[in-house]
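**Student:** Structure incoming, see below.
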Amino acid sequence: MRGRGVSHGAGTIVNAIATAKGAAFGVDLRTEAMVELNRSGRIEVKIEGFEGEDTALAERCVLNVLAMIAPREGYGAKVRTISQIPISKGLKSSSAAANAIVLATLKALDVKTVPIRAIKIGTKSAMEAGVSVTGAFDDACASLLGGVVLTDNSEQRVIKRARLPEDLKVVIHVPPFQIRKQSLPLAKMRALAPAVEVAFQKAKRGQYAEAMLINSLCYTSALGLSMDPTFKALSKGAVAAGLSGTGPATVILVKEKHVNDIVASFDDKEIIVADIYNGED
């Protein structure tokens, strides 16, 4: 009984921590999960390339699927994940992993479901594992569905979906440190709610560049991070740029002709170039 699941990274337009309403877009960085069910009653997890990482999220994803679908079967599982997404950088590595593991477990059980149901199992698991403040429903939707997704995370409701232009590239500035959810200054971040709400309204109107800039100004100040990567990218011709999630990564939307100029302005060891992920056609 084996299954495979795939999900993607995402970039932030509006972070949902302050208002519980968020917006994100899909990025074509992949996470793949393989799940093999057995009768051991134990969950064994291997995160390829990140062997020291906590496996609580993966365990919760499998256990929650099993509790819903096969609660009396006594299943255990071997889980393996492979990912192109840096961990704890704001690029939705947890959402992508949760989506992929839930899908793989469902496939191992030969159960079909709608994407939103799989996403909700993953967001529940993320909250239980302590890797998300809000459940990150916005991030999880962008990660699995692709394109731009605006959500109300408190109601786990999709407000709007849209596609980004296919000719845009995503340049990601990834500093060499992590920011863990357990260390976030939540009171400071939630105090930003009036300004973040302005950013969300901009996003609803399709003004994604303005939304990303306002969002980034807010959250970098609360987190003590620098706006320099955003300012640098915008000065080099980026369409939009801003802090992704709780950082430290900055996501930059750019036309192909400006990619080399923006990449050259950063230390190349801290840069990832990827495509937009608008979902399956």
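**Student:** Build a GNM of the chain with springs between Cα atoms under 10 Å: which of LEU106, LEU186, LEU150 gets the top mean-square fluctuation?
**Tutor:** Comparing LEU106, LEU186, LEU150 in the GNM, the peak value goes to LEU186.
**Student:** Which one of LEU103, LEU225, LEU145 has the biggest mean-square fluctuation once the chain is modelled by GNM with Cα springs under 10 Å?
**Tutor:** Checking each option, the largest mean-square fluctuation is seen for LEU225.
**Student:** Give me the one-decimal nm value for the distance between modelled label points at GLN182 and ASP167, 7 Å along each residue's Cα-to-Cβ direction.
**Tutor:** 4.8 nm
**Student:** Rounded to the nearest 20 debye, what is the charge dipole size of the chain about its Cα centre when +1 sits on each Lys and Arg Cβ and -1 on each Asp and Glu Cβ?
**Tutor:** That gives the chain a dipole magnitude of about 660 debye.
**Student:** Loop-only trypsin sites (Lys or Arg not before Pro) in the stretch 1-54, please: DSSP not H, G, I, E or B, and at most 15 other Cβ atoms within 10 Å.
**Tutor:** In loop regions of the stretch 1-54 (DSSP not H, G, I, E or B), the sparsely surrounded trypsin sites (Lys or Arg not before Pro) are ARG39, ARG42.
**Student:** Here's a follow-up. Only helical DSSP H runs with n ≥ 4 go in: add -39500 (n - 2.57) per run for the chain, normalise by residue count and round the 222 nm mean residue ellipticity to 500 deg cm²/dmol.
**Tutor:** After summing the helix terms and dividing by the residues of the chain, the value is -11500 deg cm²/dmol.
**Student:** While we're looking at this one, here's another question. So if R0 is 22 Å, what FRET efficiency would ARG205 and ARG157 give, r being the distance between their Cβ atoms, rounded to the nearest 0.05?
**Tutor:** About 0.70, to the nearest 0.05.
**Student:** Filter the trypsin sites (Lys or Arg not before Pro) in the stretch 85-144 to those in DSSP coil with at most 11 other Cβ atoms within 10 Å of their Cβ, and list the result.
**Tutor:** LYS112
**Student:** In whole Hz and in residue order, list the ³J(HN,Hα) couplings for the stretch 14-24 that follow from phi through the Karplus curve 6.51 cos²θ - 1.76 cosθ + 1.60, θ = phi - 60°; x for Gly and Pro.
**Tutor:** 9, 6, 8, 4, 6, 10, 6, 10, x, 9, 8
**Student:** Where in the stretch 167-201 does the amide nitrogen come within less than 15 Å of the point 7 Å from the Cα of ALA56, taken along Cα to Cβ?
**Tutor:** 180-184
**Student:** Got a sec to turn the phi values of the stretch 247-255 into Karplus ³J(HN,Hα) couplings, 6.51 cos²θ - 1.76 cosθ + 1.60 with θ = phi - 60°, whole Hz, x for Gly and Pro?
**Tutor:** Using θ = phi - 60°, the values come out as x, x, 6, 10, 9, 10, 9, 8, 5 Hz.
**Student:** Then there is this: Quickly work out the GLU256-to-ASN38 label distance, labels modelled 7 Å from Cα along the C-beta direction, and quote it in nm with one decimal.
**Tutor:** 4.8 nm
**Student:** What FRET efficiency do you get for ASP268 and ARG2 if R0 is 41 Å and r is their Cβ-Cβ distance, rounded to the nearest 0.05?
**Tutor:** 0.60
**Student:** So how much slack lies between ASP110 and ALA191, counting 0.36 nm per residue of separation and subtracting their Cα-Cα distance, in nm?
**Tutor:** 24.6 nm
**Student:** Which GluC sites (Glu not before Pro) in the stretch 204-281 pass both tests, a DSSP loop state and at most 11 other beta-carbon atoms within 10 Å?
**Tutor:** GLU280
**Student:** Determine the sum of side-chain charges near VAL27: Lys and Arg each +1, Asp and Glu each -1, restricted to other residues whose C-beta is under 9 angstrom from that of VAL27.
**Tutor:** With Lys, Arg at +1 and Asp, Glu at -1, the neighbours total -1.
**Student:** Let me ask another. So which of LYS120/LYS232; LYS46/LYS160; LYS21/LYS89; LYS169/LYS204; LYS21/LYS269 end up more than 27 Å apart, counting from Cα to Cα?
**Tutor:** Going by Cα-Cα distance, LYS120/LYS232; LYS46/LYS160; LYS21/LYS269 fall outside the 27 Å limit.
**Student:** Something else: Pull up all non-local amide H partners of ASN38: gap of 5 or more, or a different chain, and H-to-H distance under 5 Å with H placed in the peptide plane.
**Tutor:** Here the answer is GLY76, ALA77, LYS78, since their amide H atoms fall under 5 Å of that of ASN38.
Bear in mind that the values in this text are calculations on the coordinates, not laboratory data. Just so it is clear, the model here is predicted, and its values are computed rather than measured. Glycine gets a Cβ as well: all are built from the backbone with ideal geometry, and neighbour counts include every protein chain shown.
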